[in-house]
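Beneath this line is the structure, given in structure tokens, with notes to follow.
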Amino acid sequence: MRSTVGSRFLESLLFAVSSLVLYLFGAGRVLFLVPLQVISVRRGTVGIAAAGGIAVIALAAVRLVGLFPAPLEEGALLVSGAEVAVFTLLAAGLAVANLRLTGARALVRLLAAAGCVCLAGAPLVAVLAASPAVARLVDGVFADTSRMLQSIFATGDSVAGTVLEALIVPDMLKVMIREYLLHSFVLMVFALLAFSWWAGSAAAARAPQPGAVPRWRFAVFRLEGWWLWPLIASLALVAADFLGLGERTTGAWAAYASYAAWNAVLVMLFLFGLQGLAILRFWLEKRGLARFGWPLVVAVVLAALVTPRLNAVAAVVLPLFGASENWVRYRTSGAAAT
């Protein structure tokens, strides 16, 4: 009995350390939830709670130790606390996504988890925004970033240089990034949770456990017909925002409505874009070309999304292609929605 408890604690510790190491190194930060998903698949709620708890305590200790050599500042302490809180919220969100109390499909659980994380994180964002000490730290970061960008993009063209300098001044950068985050925050949280759930589940499936569920295939991803209604509603709200139909709404409520509409439409476009990619993956698998063709498809889509003149086209065409499966039968062999 003791050896079993000890082995499980050691397993939780190893996965917690893996998560923390990935988080502390910039390039691996997008993967830090994957080890927690692996242990969730292997050990259930107890496993992810134990590993996540150890990782949170270790991160708090690392950040606290890092504050001691320098004079303790209110802003630095608050930012470090907020970082630990965000880590905790994301780990808790992944744990919520793994709960199967209602029998809902994984997609619905992931959306619910992302919504819970965003709602729980809203007061934290408000506290940070109201702190003068944090504002000074943020202003310093944007000032350094602006100087770096100006040195990188320095040009002898007077017209281009004037336009560029106007765009990368600290205040402009801060406004641009703030608006970008507020309009797409839910999508970023959902994408992180969904990717972590998929990658961790796929990694855990490589070492099958007794009673484990079969490995999920991306080619079977399909949205039920009723998902069209949230897509249509969110598009209508964004169109109303563009046309200024909500100008009679004054104060913060107009901005909140705009942020909610954009977050909703981006999530829906992302989901239907995934369905479009799933159709392409199905075609490649059916013809035995997935091994070589799939990386090419992903590369082309990513290149289009980061290209200024093609990103809007790709962000519209791919979701529309996915949505058209409600009327056109692209996949002839059936597969259950996941």
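Observations on the structure shown:
- Shape parameters for region 217-338, alpha-carbon atoms, Rg then Dmax in Å: 17.0, 57
- Computed extension gain for PHE242 through ARG331, at 0.36 nm per residue and net of the alpha carbon distance, reaches 28.4 nm.
- Taking region 80-116 and a reference point 7 angstrom along Cα→Cβ of ALA130, the backbone N atoms nearer than 16 Å belong to 82.
- FRET E, pair ALA203, GLU11, Förster distance 25 Å, beta-carbon r, rounded to 0.05: 0.95
- Between THR4 and ARG217, the contour length at 0.36 nm per residue exceeds the alpha carbon distance by 73.4 nm.
- Computed from backbone phi, the HN-Hα couplings of region 84-101 come to 5, 5, 5, 4, 4, 4, 5, 5, 5, x, 5, 5, 4, 5, 8, 6, 10, 5 Hz, rounded to whole numbers (Karplus: 6.51 cos²θ - 1.76 cosθ + 1.60, θ = phi - 60°; Gly and Pro given as x).
- Taking the convex hull of the alpha carbon positions in region 1-124 and averaging its projected area over all directions gives 9.3 nm².
Read the figures in this text as sums done on the coordinates, not as results from a lab. All values reported here derive from a predicted model rather than from experimental measurement. For neighbour counting, all protein chains shown are included, and Cβ atoms are generated from backbone atoms with ideal geometry for every residue, glycine included.
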